[in-house]
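What follows is one structure encoded as structure tokens, with my remarks underneath.
The values are calculated or read from the model by the stated rules, or taken from the named source; none is laboratory data. Every value quoted in this text rests on a predicted model; they were computed, and no experiment measured them. Cβ sites come from the backbone with ideal geometry, for glycine too, and all protein chains shown count toward neighbours.
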Amino acid sequence: MTEEIKKEEVHLNFLEEIIEADLQSGKYKSIVTRFPPEPNGYLHLGHASSICLNFGLTQKYPGNTNLRFDDTNPVTEDTEYVESIKDDIRWLGFTWKHELYASDYFDTLYEYAIDLIKKGLAYVDDSTSEEMAMMKGTPTEAGRNSKYRDRTIDENLELFRKMKDGAFEDGTRTLRAKIDMAHINMLMRDPVLYRIKHAHHHRTGDKWCIYPMYDMAHGQSDSIENITHSICTLEFVPHRELYDWLIEKLNIYPSQQYEFARRNINYTVTSKRKLLQLVNEGHVAGWDDPRMPTISGLRRRGYTPESIREFCNRIGIAKRENIVDVGLLEFCVREHLNRIAFRRMVVFDPVKIIITNYTGFGELLASENNPEDQSTGSRGIPFGKELFIERDDFMEDPPKKYFRLAPGQMVRLKSAYIIKCDEVIKDVNGDITELHCTYIPESKSGNDTSGINVKGTLHWVTAAKAVEVEVREYDRLFKVENPSGGEGDFKDYINPYSLKIVKGFAEPAIMDAKLSDRFQFMRKGYYCLDKDSTDTKLVFNRTVTLKDAWAKEVKKG
RNA sequence: UGACCCAUGGUGUAAUGGUAACACUACUGAUUUUGGUUCAGUCAUUUAUGGUUCGAAUCCAUAUGGGUCAACCA
């Protein structure tokens, strides 16, 4: 065996290139990244991408990743979100080195602010936000200096201390950086660093009534943690100048910010604001509604961490605008589920079959749990005289290439016998009520001596032993590819048929289903047990359908 | 009508001055006790125009198109 091991071609993304260069040049011996969510909503697919990126980088290169909550706005943040975020990251399979909070640094950040004031680089402004907006200028016109801009250092120190001590009402004063009101980058036009908010913080309680703004907190937190590569999305590109300015003026550890394009996915929205709206206005049942692109929604829907990580891997990262096809996500989950899901038979829209020549009783047939993995063994399926098959697996007047059941036509029942349809029984309305069939005793699965070859194989259940279950079939939440891109409100494009609840008749083995199990209901799709299940009523979520070449064929006509 | 970012098959991502490629999708066919899976194959790509160069997706210029920036949000 001297077979040449083909070296897998490795494509580095632009961040990996930067990191490899930094490692090679000796700029860093190891790297530190961070995932910095604001605890004001649940994590979604977009975050998954960022998580896989930040944690993935330090799995690939020496270093580690912190989880840091960017909790500088007490009004919108809550510990509920902290917990869900931690759960989701763990579920995705990542482990952070330190669990940190920007609020841990409030004392340090306050000192930093004092430092800036002492250096003459920050001042307290009494302008209202309206006044400030007015004086900000526009992208093409310079702004004007605030009349409070030239206060003395001592005056600023005194006023900032009073701000901290609660002497002022919300919104009456801010601390601003003193940079340049004519700067071409609007973020450099004396950005607000601190604002007054007499609000209860989920961690610091009522200790503070002034809170740092993003720009005064994020980069500084990065610096305190010695983050080497601070990775964020493209909309922060203009912030980088301010990020660098503050680090330089404060003379603290020079973390560096890099930006990549957030991933957009068609037929969905990934904006916390919009997701919150869907939840609050009752368009979905909650953050973990299986139609939501949240991690908790996907988890409940039956997606596996592996499939989500694979998805993030495949879409990669870059700097250009993009809309990823949700079909790729579905491909990834099918690929994984095909390998791990146990096969079960469930009939959704049953039509009864009577096997007129069957006289057996209590016959138990063996069927493999997963043909992709023989080690998973098999389970028993009871056979009987009266069965259910899927109503659309029978046609009285079939088109050619229809391999299913039709008058005079034979099919195999999966893991059982070949049957032939002899007679169609209808009610007064002409609707089919029963199909009378005969079975071929010699065609028993695994022991077939009949010599008959049939093209079609159907799933089925024994009527008397069937377990009735509830099945929730999900479709995409939005009718259009880009719900946020069109005219009007994104909610105008909500798909009213995104949830369909149907009944299913399952083989008895389904009774053993556990919450963590994944199933393939044969010829239908992948399903998992929902937490709404009770001892007497099993509820299943459809994760994704199987690919259906026949449906496509029918559509084409 | 300022600045900044970006532009490669339908989609996403590579190729880092030297033969434009991989995956998904779509389409053919084979295999199949899941019209699933698997396997084989097909279609399809450098925004435009100039320039530099023996040679440009790559460097330069201009144009065009898309995105971002005027929250006491992050």
With respect to A:Ile353, determine if the residue is at pLDDT 95 or above, surrounded by 14 or more Cβ atoms within 10 Å (Cβ to Cβ) and closer than 24 Å to A:Val469 by Cβ. yes
Looking only at residues that are more than 8 Å from RNA strand B (Cβ to nearest atom), part of a loop (DSSP other than H, G, I, E, B) and among the hydroxyl-bearing types (Ser, Thr, Tyr) in region A:438-453, which one is surrounded by the most Cβ atoms within 10 Å (Cβ to Cβ)? A:Ser450
Out of all the residues in region A:454-489, which are within 14 Å of RNA strand B (Cβ to nearest atom) and β-branched (Val, Ile, Thr)? A:Val454, A:Thr457
Of the residues A:Arg339, A:Arg309, A:Arg314, which is part of a helix (DSSP H, G or I), under 24 Å from the mean Cα position of the chain (by Cα), farther than 30 Å from A:Ser271 by Cβ and within 16 Å of RNA strand B (Cβ to nearest atom)? A:Arg339
Which residue, of A:Tyr105, A:Tyr123, is in a helix (DSSP H, G or I), in the same structural domain as A:Ala217 (by TED's automatic domain parsing) and buried (at least 16 other Cβ atoms within 10 Å of the Cβ)? A:Tyr105
Kindly list the number of the only condition in (1) out of contact with any strand residue (DSSP E or B) (no Cβ under 8 Å at 6 or more places or on another chain); (2) within 16 Å of RNA strand B (Cβ to nearest atom) that fails for A:Tyr101. (1)
Scanning region A:520-557 residue by residue, the ones that are within 11 Å of RNA strand B (Cβ to nearest atom) and under 18 Å from A:Glu335 (Cα atoms) total 13
Is there a residue being more than 13 Å from A:Ile295 (Cβ to Cβ) and surrounded by 13 or more Cβ atoms within 10 Å (Cβ to Cβ) anywhere in region A:43-53? yes
Can you pull out every residue in region A:317-333 that is within 6 Å of RNA strand B (Cβ to nearest atom) and assigned to a helix (DSSP H, G or I)? A:Gly327, A:Leu328, A:Phe331
Picking from A:His239, A:His202, A:His218, which residue would you name as being near RNA strand B (Cβ under 9 Å from one of its atoms) and either among the polar types (S, T, N, Q) or surrounded by fewer than 21 Cβ atoms within 10 Å (Cβ to Cβ) (or both)? A:His239
Could you list, ordered by first residue, the pairs with Cβ atoms under 6 Å in which the first is in region A:214-236 and assigned to a loop (DSSP other than H, G, I, E, B) and the second is of a type outside the set (Gly, Ala, Ser), at least 6 apart or interchain? A:Glu225/A:Asn66; A:Asn226/A:Val32; A:Asn226/A:Tyr253; A:Ile227/A:Val32; A:Ile227/A:Arg34; A:Thr228/A:Tyr28; A:Thr228/A:Ile31; A:Thr228/A:Val32
Within region A:148-168, identify whether any single residue is closer than 15 Å to A:Leu193 by Cβ, within 14 Å of RNA strand B (Cβ to nearest atom) and not in a helix (DSSP H, G or I), and answer yes or no. yes
When you look at A:Arg300, is it assigned by TED's automatic domain parsing to the domain that holds A:Ser516 and either within 26 Å of A:His218 (Cα to Cα) or part of a helix (DSSP H, G or I) (or both), yes or no? yes
Of residues in region A:490-519 being under 25 Å from A:Ile265 (Cβ atoms) and within 16 Å of RNA strand B (Cβ to nearest atom), the one modelled with the highest pLDDT: A:Arg518
Please work out if A:Leu365 is in contact (Cβ under 8 Å) with a residue 24 or more places away in the chain, surrounded by 15 or more Cβ atoms within 10 Å (Cβ to Cβ) and not in a helix (DSSP H, G or I). yes
Could you tell me whether region A:241-261 includes any residue that is in contact with a Lys or Arg (Cβ under 8 Å, 6 or more places away or on another chain) and either assigned to a loop (DSSP other than H, G, I, E, B) or without any contact (Cβ under 8 Å) to a residue 40 or more places away in the chain (or both)? yes
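Identify all residues within region A:169-178 that are of a type outside the set (Gly, Ala, Ser), buried (at least 19 other Cβ atoms within 10 Å of the Cβ) and within 14 Å of RNA strand B (Cβ to nearest atom); write none if there are none.
The initial filter retains those residues of region A:169-178 that are of a type outside the set (Gly, Ala, Ser), namely A:169-170, A:172-176, A:178.
Those left that are additionally buried (at least 19 other Cβ atoms within 10 Å of the Cβ): A:173-176, A:178.
Passing the criteria: A:Arg173, A:Thr174, A:Leu175, A:Arg176.
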The residue that is nearest to RNA strand B (Cβ to nearest atom), considering only those in region A:58-88 that are within 14 Å of the chain's Cα centre (by Cα) and surrounded by 22 or more Cβ atoms within 10 Å (Cβ to Cβ), is A:Ile85
Need a quick list: strands (runs of 3 or more DSSP E) entirely within region A:373-430 having at least 2 residues that are free of Cβ contacts under 8 Å to residues at least 60 places away in the same chain and within 10 Å of RNA strand B (Cβ to nearest atom). A:410-413
Looking at the structure I just gave you, is A:Thr140 loosely packed, with under 15 Cβ neighbours inside 10 Å, within 14 Å of RNA strand B (Cβ to nearest atom), without any contact (Cβ under 8 Å) to a residue 60 or more places away in the chain and within 40 Å of the chain's Cα centre (by Cα)? yes
Filtering region A:45-77 down to residues that are out of contact with any Asp or Glu (no Cβ under 9 Å at 6 or more places or on another chain) and part of a strand (DSSP E or B) yields A:Gly63, A:Asn64, A:Thr65
